[in-house]
Amino acid sequence: MSAPALSALSAPLLVLRLFSAEFAHLPAPALGVSTIFPDRLELSFHGDLAGFEAWRDALQILPSSVSYHEHSSGRTRVLTAETDYGGARVHLIGFAQMPGGDGARSRQEAGR
């Protein structure tokens, strides 16, 4: 089986081009484009959720459409949201450490 041509990724690549012009002032995300999901553009933010929120607002994704999860035994917050834009499915994902989620126990926990 041969690999798909680059043209199979035209929708997310076009949206990325639109974003670079329209939203150049927003925080730069980590980008994901894949032949596995050829119509999807993933924008991910690591470290804090400000970038996620800026893009969510710019793409007019309602806060009620955001999903919240926790990973790493509750040490990492994860926000996800999706929207259609310019013929592609845009998937936002944000990762942030929970306050006090550095693996160290609080003083109260340590005294138990």
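The values are calculated or read from the model by the stated rules, or taken from the named source; none is laboratory data. None of the values given here were measured: they were computed from a predicted structure. Every residue, glycine as well, gets a Cβ built from its backbone with ideal geometry; the counts of neighbours run over all protein chains shown. Note: areas computed on protein heavy atoms with side chains; ligands, DNA, RNA excluded. Shrake-Rupley method; radii C 1.70, N 1.55, O 1.52, S 1.80 Å.
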I'm trying to understand the selection: among the residues of region 1-32, which are under 20 Å from the mean Cα position of the chain (by Cα), assigned to a loop (DSSP other than H, G, I, E, B), loosely packed, with under 12 Cβ neighbours inside 10 Å and of a type outside the set (A, V, I, L, M, F, W, C)?
H25
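Condition check ((1) outside any strand (DSSP E or B); (2) without any contact (Cβ under 8 Å) to a residue 40 or more places away in the chain) across all residues:
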| site | (1), (2) |
| --- | --- |
| L41 | no, no |
| S44 | no, no |
| R56 | yes, yes |
| Y68 | no, yes |
| A81 | no, yes |
F37 - would you say it is in contact with a helix residue (DSSP H, G or I) (Cβ under 9 Å, 6 or more places away or on another chain), in contact (Cβ under 8 Å) with a residue 40 or more places away in the chain and not aliphatic (A, V, I, L, M)?
yes
Selection count where residues are open to solvent by 30 Å² or more (accessible area, probe 1.4 Å) and either part of a loop (DSSP other than H, G, I, E, B) or closer than 15 Å to P38 by Cβ (or both), scope region 83-94
4
